[in-house]
Every structure is written in structure tokens, then in C-alpha cells.
Amino acid sequence: MSMSKRRWERQKHLWINAAEIVTPPGHPFYERLNQLLDAQGFDRFVEEQCASFYAERRGRPSIPPGVYFRMLLIGYFEGIDSERGIAWRCADSLALRAFLGYGLNQTTPEHSSLSVIRSRIDVETHRVVFQWVLQVLAKSGLLKGKTIGIDATTLEANAALRSIVRRDTDQPYDEFLQDLAKASGVESPTREDLAKIDRQRPKKGSNQDWYNPNDPDARITKMKDGCTHLAHKAEHAVDLDTGAVLAVTLQGADQGDTTTIHVTLSETEKNLAEVEQDPQAKEGLHSQTMEEVVTDKGYHSNETMRVLQGREIRSYVSEPRSRGRRHWKNREAEREAVYANRRRIRGPRGKRLLRKRGELLERPFAHCYETGGMRRTHLQTHARILKRLLIHVAGCNLGLVMRTLFGLGTPRGLQGLVFDWLEGLVQLVQWFWRADTAVRHPLRALHPSWRWSPPSTSRSARFVISSTDC
């Protein structure tokens, strides 16, 4: 056989026969996901919800709403943070083209089209799509709504600290430091002088004095790694029976947990009430929804305990370290709520729920923001970020349904099947060698002094794909 060489100059075809076009094999995960969405009537539902944002007859045909929401779901499943990256990935992948319903002779939507559609469709419609996914979970038996865990994390904003200005005068931060340097006697301050003055100045990063004009909703906050950034606060309400995310809210990063929990509880109550509107989905829910709330010690306060008891919600909130004797004069309601919560968290069920909280609340954070790629936002203002965040978390919930039906929650989980097969093969060989059968006697006869050492079956020796098993 002779060797062929690559052609550097190639004439383009004038036309291509449709029968000669190679059909891509597709991705098994996205094929099953499309089957799930089609069986539940996803495209028909989103088209009805988005009909009011489009003209009935005038104008050119738009991108279907189902394609827009599918592209946002791809951002979660592929771990892509920006809309530009989502558009490029969809244009490059044949499997994703098939998932969106685009052929080889069609152009996939660009990132600018995603921005236009996102600005046209309001936040409430994105929230309705999130509630539709919750109904799918309830129909599949993956939503109970009885015991709810709440926790929050910070998302780095798409804004720089160098661009902050004063709220009263709109003076930039560098000019403010230069005025301070001149007032202290330095006529021509260098960057080293400005940095020295900035380090010596107390309370230099107050959100009451400074804001970023590009993203007014971003707040100066200290991240978990110790660095200071402009950030937003995302708070999840998770069903501790199944791991499904019941609600997601986006609030200011400077607000405390005892303040934001009430907004998240109201959003959870609204979502569960919407799920109960579907008779089939209502059968999967618990008879008494929002009966218990489990949180960490950051949410503990006298007022929070009193409000939860007033709403007839049993609280399992970890208590912070005691700061001495408490004084309960004229605060009998707060005292009863705090003591009742203390009795519950010291019981066996309370300890079990608090351990479960650490597992099921941190897992959606890892899936959505670490492997999902949303730890740093590429959009600005809460309204825009929340639109992307709602569909992003809805993809995490769809992953639960896919894991139940297909055995895998993300398309990258298929990478682990090879390692699982190899691990099963090793265990099968190990079983044959341990068994007292004639299989290993001929091999032992070849060299009587030879002894086989079985492979390690410890947890550290197992094949690990990622920390989140995705």
C-alpha cells in the first residue's frame, strides 16, 4: 500500500450529496437527556412561557427558546463559565449540535444572540423553568421537601477593586489616595507611597463608602481563601432526603446569614407551592413540606430561632461557642426557641442531620461552582447573574434524574466507565486466584516457590475521576 500525503491546496466542493455526509455518532448522555426533555414536553412548555416576549408575525424567525435553555444547560454539564465559551463549544462539537437540533449545514447561535435572548426574557420566566425541573424531580420520586438544609457561598464578581469609586463624590480610588498623600505632605507620590498610605488607613474597604460603577450589586468581601474581592452571595436550599436543590437566591455578599435565610425560605416555600400545582408531582412530595430546617452556626441568632418557631418549622441549627451566661429578661419567646433548638441538635436525630448537612449541602456547591465553572461570574448585576444561575442549578437537578435513569449525572462520568471495567476485571482475577480451584494449580506447578500477591483494595488504591464523582 502506498503512502498518501496531505494536500496543502484543496479545491472546495461546489455541492455535496446529502447521502455522502458522515453522520456523527452522538453522545449517549445528551441523547438520553433529550429523550427525557422531549418526554416531559420541555420545548412546548418553554415556548408557551416565552411567547409574550416575541412578536406573533413580524420580524425574522428567532432562535427557539428550547435551544437557548439547552445551551445554558450545556454550560453546567461541560463546566463552561462564559457564554462565549458555550457558543464556541456548541459550534465545534457534533454531539452538541445534535443535542441542540442543528445539522452540519446550519449555524449554531453565537454568544451575542445568547445575550440578546437573556436580556429579552425576564428573571421570572427563568424561575418558572427552574420550577418545571423541580416538578420533573418530584415525578421521579427525587423530591420530598420535608427536611431542608440551607447554606451559602461566595461568587467572585466580574468587577475589579481598582475600579471602585466613592458613593458620595464618584471619586476613583487612586485619586482618593493621591489626595490623602498630598494632604500628608507628599507632593508627587509614587505607587509605593500610595500603597503605604493605603495599608496604614483603617476601614479602607467599606461597602458603605465604595462601590463599583460597572457592577453596583457587587460587594467588597473576604473570600474563603483569605483574598479580598468584589463578590456576590449565592444561597441554596437543599432537600436533605434526596440532595435536590429546592431554591437558589443571589444576594449581597455583605449581608449576614441571619438576614438572607428568610429570603431563601420564602423562595423555597414558593417553589414547593408551585410544584404542588401538578397532581402527579404532588404525590411524590411529603405530606408536610418545610417541616425541618438544618443550617450551620452562622445562621444562629435569637431572632432567627424565634421566627422559625413562629413559622412552625423545627430548627436544627448548630450553636456557636458559648460566650457566657445568657440574659433572657423580657425575651421568653427567644429563650424557648433557643433551648428547644439546643435539645434537638443534641439528640441522635439532630446529630445525624448535621452530619448529613455537611455532605449534601457541599456537594451542589462543588458541582455547580467548581466543576460547573460558575465560581467566577462573567455577567454583571444580580438580575443577569440570577438568570444564568437558575438554569445552571436546574442542570444540577437534571443530573440527579439522569443519574437515576442512566447511571451517570454528567457526560464526563462516562470517562469513569473504563476504570470501573478495569477494576471489575482486577476483582474477577483476584477471585480466581483466591479460589481453591484447578485454575491456579498449573501456574503454581510452573514455579512452586512463586506466590501471587493480590492487588490492594483499599480506598486510596481505587480509581478516582474527581472529588465530586462527576
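Selection of the range 207-239 for residues being more than 27 Å from residue 268 (Cβ to Cβ) and part of a strand (DSSP E or B) yields 210, 211, 220, 222, 228, 229, 230. Selection of the range 291-329 for residues being out of contact with any Lys or Arg (no Cβ under 8 Å at 6 or more places or on another chain), at pLDDT 85 or above and assigned to a loop (DSSP other than H, G, I, E, B) yields 300, 301, 311, 312, 313.
Mind checking whether some residue in the range 319-337 is under 30 Å from residue 393 (Cα atoms), in the same structural domain as residue 234 (by TED's automatic domain parsing) and of a type in the set (Gly, Ala, Ser)? No - not one qualifying residue is present in the range 319-337.
All told, residue 153 meets the bar of being within 29 Å of residue 353 (Cα to Cα) and either of a type in the set (S, T, N, Q) or more than 28 Å from the chain's Cα centre (by Cα) (or both). Screening the range 88-149 for helices (runs of 4 or more DSSP H) wholly inside it with 3 or more residues that are closer than 20 Å to residue 279 by Cα returns the ranges 123-139.
Given the residues 386, 398, 379, which is the only one that is part of a loop (DSSP other than H, G, I, E, B) and under 17 Å from residue 69 (Cα atoms)?
Answer to the check: 379.
Quick check on the range 123-164: of everything there that is in contact with a strand residue (DSSP E or B) (Cβ under 9 Å, 6 or more places away or on another chain) and acidic (Asp, Glu), which residue is farthest from residue 240 (Cα to Cα)? By that ranking, first place goes to 156. Among the residues making up the range 163-198, a single one is outside any helix (DSSP H, G or I), among the hydroxyl-bearing types (Ser, Thr, Tyr) and touching a residue at least 12 places away in the same chain (Cβ under 8 Å): 184.
To keep it simple, each residue is scored yes or no on (1) surrounded by 21 or more Cβ atoms within 10 Å (Cβ to Cβ); (2) in contact (Cβ under 8 Å) with a residue 12 or more places away in the chain; (3) under 21 Å from the mean Cα position of the chain (by Cα).
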| residue | (1), (2), (3) |
| --- | --- |
| 209 | no, yes, no |
| 213 | no, yes, no |
| 222 | no, no, yes |
| 226 | no, no, no |
| 229 | no, yes, yes |
| 234 | yes, yes, yes |
| 239 | yes, yes, yes |
| 245 | yes, yes, yes |
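The condition (being in the same structural domain as residue 382 (by TED's automatic domain parsing), in a helix (DSSP H, G or I), within 30 Å of residue 370 (Cα to Cα) and touching a strand residue (DSSP E or B) at 6+ places or on another chain (Cβ under 8 Å)) is satisfied by just one residue among 265, 246: 265. When the criteria are applied in full, residue 317 fails the requirement of being out of contact with any His (no Cβ under 8 Å at 6 or more places or on another chain) and among the β-branched types (Val, Ile, Thr). Within the range 63-80, being of a type in the set (A, V, I, L, M, F, W, C) and modelled with pLDDT under 90 holds for 63, 77, 80.
The values are calculated or read from the model by the stated rules, or taken from the named source; none is laboratory data. In this text the structure is predicted, and so the values were computed from the model without any measurement. So basically every Cβ, Gly included, is an ideal-geometry build from the backbone, and we count neighbours across all protein chains shown.
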